[in-house]
Every structure is written in C-alpha cells, then in structure tokens.
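Read the structure below first, then the notes.
The values are calculated or read from the model by the stated rules, or taken from the named source; none is laboratory data. Remember, predicted model here, so these are calculated numbers, not experimental data. So basically every Cβ, Gly included, is an ideal-geometry build from the backbone, and we count neighbours across all protein chains shown.
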Amino acid sequence: MFYHILYPLSAYYSVFNVFRYITFRSIYALLTALILSIILGPTFIKWLKKLKFGQYIQEDVICHKQKQGTPTMGGLLIVFSVLTSVLLWADLTNKYIWLTIFVFIGFALIGFWDDYLKITKKNNKGLSARSKFLGQVIVSIGAVTLLLSWPGYNTTLLVPFFKHIRPDLGYFYILFAVIVMVGASNGVNLTDGLDGLAIGPTVVCAGCFAIFVYVTGHVHLAKYLQITYLPGVGEVTVFCAALVGAGLGFLWFNAYPAEVFMGDVGSLSLGGTLGFIAILCKQELVLVIVGGLFVIETLSVILQVGYYKLTKGKRIFKMAPLHHHFELQGVAEPKIIVRFWILSILLALIALSTLKLR
Ligand code: 57M
C-alpha cells in the first residue's frame, strides 16, 4: 500500500523515491511485523485464554504436564502480522506476492481447522491425517501448476554446487514440488515440540530465503552468481522479511517458558510457505540444507517408526522426533532448543555458500 501511495510522490519530492527499493521496504516490513506481534501479543494471549484455547497435554513419558493449558493457535498472530505487514509494504501488483499469500493462507486454514477440532473436542483429536494431507496436496498442486504456467518456470531442477547438472523432471516435477511443500509443512510441525524450537529455525530459513529470492529477482546479481534470473520474484523478499519479523515477535512469547504455542495454524503455514518460496526461487534442493533441522527431525521419525515396525517394538532413539530423545537423556529443554538453533544457523550459512560454490 505504501508503495502505491507514497512512491508516486517521488515525482514531486525525491525523498519518496526510497519506497521503490525492495531492500528498504523489506526492512520496514520486518520491523512492522515484529512490532505488531510484540504489541498485540499480550492481548492476543489473553484472548486465547478467554476462549479457553489451551493445549491438551497427553500423559506420557515426556513430562510436559506443567505446560497444560498453555494457549495454542498463536500462529494466528504470526499470520495476522505477516499479512498486515505485506499488505502495507509490498508491491500489490506483483503476482508472486499473491501466490505466496495464497499458499500461506491455504496451509494456515488447514492448520486452523485441525487446531480448532482438537480444542473443541478436548481429546486432542484433530483432522484425520488423510484429510490434512489431502488439503496440503490440493493447495500445493494449485500453486505449483499455476507457477509452471508463468514465464521463466520449467520442470528442470538446479543442483546445489553443480551448475551444469540440471535434470528435467518433466511431469514428475509437480510430484516433486508437492513433496517439497508438504514435506516442509510436516517437518516444521514435527519440530514444534519444545518452546521456540520450530520458530527459531523458521526465522533463520526465512532470512536465508530473503537473500535467495532477492538475488533471483536481481538481474545483475543473478547473472554474477550464475543462478536463474526470474524478474519480479525479488518482491517476495518483503514477504520473507515479514516472516522474520513476525517469527521474532512470536518468539518473544514462545521462548522458554512459553506463554503460547503456535499450533498447526502456525507450523503448517510456515513450513508450507517456506517450501513454496524455495520452489519460487528454484532452490528446491537448497531447502534440504537450509531447513536441514526439519529434515533431521523428520528422518528421526521415519527411521524410528520403520525400525519399530521391522523389529516389532525395538527403537533407535529413546523417542522420536529427535528432540524428545535428548529430553529423555536428561538434557535441559532450553539447552536442546539453543543447540538446535545453532545447528540451523550453521546449516543456513552452508546453504548460502552454495551461491558462490558452483
Ligand atoms: C506435533 N505436537 C506436540 C502445539 C504445537 C508420528 C509421530 C512422530 C507424530 C508426532 C506428532 O504428533 N507430531 C505433531 C507435535 C505438541 O505441540 C502442539 O502441537 C503444535 C504443533 N503441531 O504448536 O500446539 C506438544 O509439544 C510441546 N510444545 C512445547 N512448546 C512449543 O512451543 O513444549 C509444543 C510447542 C505440546 C507441548 O508439550 O503439547 C507434541 O509433541 O505432541 N508425535 C510425537 O511427537 C510423539 N512421539 C511419538 O509418539 N514417538 C514414538 C513413535 C515415533 C514410534 C516413538 O518414538 O516411540 C510425542 N508426543 C508427545 N509426547 N506429546 C511422544 C511424547
């Protein structure tokens, strides 16, 4: 909105020229989302408590009973802050911004419905795994097929570190892209089991992809770095920056000991959108590095379940996902969280290095 109202004024006052720049608008999108979520946080948490949107904690080996009743669905605060900030700072004629908003809202609605059922039924039974999966697949197929009909997009895959290897996946690309989006969405969801554990790495990923989308949409930088140049994609930097801001604002309240959890409305929307942004800037495989922490958590579940079934009851980890394994080893919750954050920063730096190592 500011772009449309204030930039035209540059014809009279050159100072308004600054609203043209993606970098300037991204910084303020980050700050707007951050300040909005921090200011609205306390009222929002009170409101969730009033509605009795508290987390049901199941009795099990992991002792989280002290967290019983912590308000959940804090993801709504993230969604609201991101959308408000993007509507204020982005170029609203940009189609990539709208498609990203579509994915974000689409996944958020699935998560919202799941959370709502869990809370209102009080037995923690939300949407069935099948309905959730179906919803995620429908949103992903819709977004990817539309994207593939736009100029500059095709079914080839860029391979990090190897600039000449670009396999064409043909129709399989759609399947692949859906796996990326649904996988990312579920990866963030599985990771969301300790205070701040999912939102920290999400902020790091969004920051990293802010750089990727910016260079992808910048004609000179894309050429210099030998990556695909996609005009218009750079505007999505504003969205990524808003995600970073809203994520940090949410972390303010979700940091140990958490005053609120994000719920599926947060985890599914954040993961699905990160997956989509990776597809948007043709860095699908780099997502495996940037979001390596989510991949490790998901792999720990796959290995655990597979091994458990194969051996009829034996386990590789004390408990999956991996963070529960460390909890059961007696490592303090804040220590696990901060160590996982450090790992995610390390992975993001390795991912960024793929821009130069090719
Ligand atoms: C989400 N949800 C948290 C909160 C959050 C296949 C299996 C591995 C699935 C997995 C599972 O259900 N994962 C989905 C996990 C829950 O958090 C809520 O859910 C939202 C995210 N969807 O926003 O609303 C609990 O996590 C804790 N939490 C925090 N701080 C936060 O900021 O402390 C969440 C956010 C909250 C709170 O306690 O209630 C969850 O863990 O339930 N299942 C599991 O993760 C279970 N693992 C398991 O069964 N492992 C077996 C299998 C693989 C064979 C094994 O290893 O033997 C664990 N879940 C729980 N306890 N609750 C087992 C231990």
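Just checking, does region 243-253 include any residue being at pLDDT 95 or above, assigned to a loop (DSSP other than H, G, I, E, B) and surrounded by fewer than 21 Cβ atoms within 10 Å (Cβ to Cβ)? Walk me through it before giving the result.
Residues of region 243-253 that are at pLDDT 95 or above, as a first pass: 243-253.
Going one step further and asking which of them are assigned to a loop (DSSP other than H, G, I, E, B), we end up with none.
The answer is no; no qualifying residue exists.
The residue of region 310-333 that is modelled with the highest pLDDT, among those that are more than 9 Å from the ligand (Cβ to nearest atom) and basic (Lys, Arg), is LYS314. The set of residues in region 123-165 being at pLDDT below 95, of a type in the set (D, E, K, R) and within 15 Å of LEU109 (Cα to Cα) is empty. With respect to (1) more than 29 Å from VAL103 (Cα to Cα); (2) away from the ligand (no atom under 13 Å from the Cβ), the lone exception for VAL305 is condition (2). Comparison of GLY266, GLY271 shows that the only residue that is within 20 Å of the chain's Cα centre (by Cα), within 9 Å of the ligand (Cβ to nearest atom), of a type outside the set (D, E, K, R) and assigned to a helix (DSSP H, G or I) is GLY266. Restricting the search to helices (runs of 4 or more DSSP H) fully inside region 162-240 and requiring at least 2 residues that are touching a Leu at 6+ places or on another chain (Cβ under 7 Å) gives 172-191, 199-216. Residue pairs, Cβ under 7 Å, 6 or more apart or interchain, first in region 92-113 and within 15 Å of VAL188 (Cα to Cα), second among the charged types (D, E, K, R). List them. Within 7 Å, the pairs are ILE110/LYS132; GLY111/ASP264. When region 307-334 is examined, which residues are found to be within 15 Å of LEU194 (Cα to Cα) and touching a residue at least 12 places away in the same chain (Cβ under 8 Å)? Residues satisfying the conditions are MET319, ALA320, PRO321, LEU322, HIS323, HIS324, HIS325, GLU327, LEU328, GLU333, PRO334.
All told, THR145 falls short of being within 16 Å of the ligand (Cβ to nearest atom), touching a helix residue (DSSP H, G or I) at 6+ places or on another chain (Cβ under 9 Å) and not small (Gly, Ala, Ser). What number of residues in region 183-197 are within 13 Å of the ligand (Cβ to nearest atom) and either surrounded by fewer than 24 Cβ atoms within 10 Å (Cβ to Cβ) or farther than 17 Å from GLN136 by Cβ (or both)? Selection size over region 183-197: 7. Taken together, ILE45, ILE35 contain a single residue that is within 15 Å of TRP252 (Cα to Cα), surrounded by fewer than 19 Cβ atoms within 10 Å (Cβ to Cβ) and within 16 Å of the ligand (Cβ to nearest atom), which is ILE45.
Just to be sure, is THR100 within 12 Å of the ligand (Cβ to nearest atom), buried (at least 18 other Cβ atoms within 10 Å of the Cβ) and of a type in the set (S, T, N, Q)? Write out each step before concluding.
Working: within 12 Å of the ligand (Cβ to nearest atom): no; buried (at least 18 other Cβ atoms within 10 Å of the Cβ): yes; of a type in the set (S, T, N, Q): yes.
For THR100, the condition - within 12 Å of the ligand (Cβ to nearest atom), buried (at least 18 other Cβ atoms within 10 Å of the Cβ) and of a type in the set (S, T, N, Q) - is not met.
Pairs meeting the criteria (first residue in region 59-80 and on the phi > 0 side of the Ramachandran plot, second residue at pLDDT 85 or above and of a type in the set (A, V, I, L, M), beta carbons under 6 Å, at least 6 apart or on different chains) are MET73/VAL265. The helices (runs of 4 or more DSSP H) found wholly in region 1-119 and carrying at least 2 residues that are under 21 Å from the mean Cα position of the chain (by Cα) occupy 22-50, 75-89.
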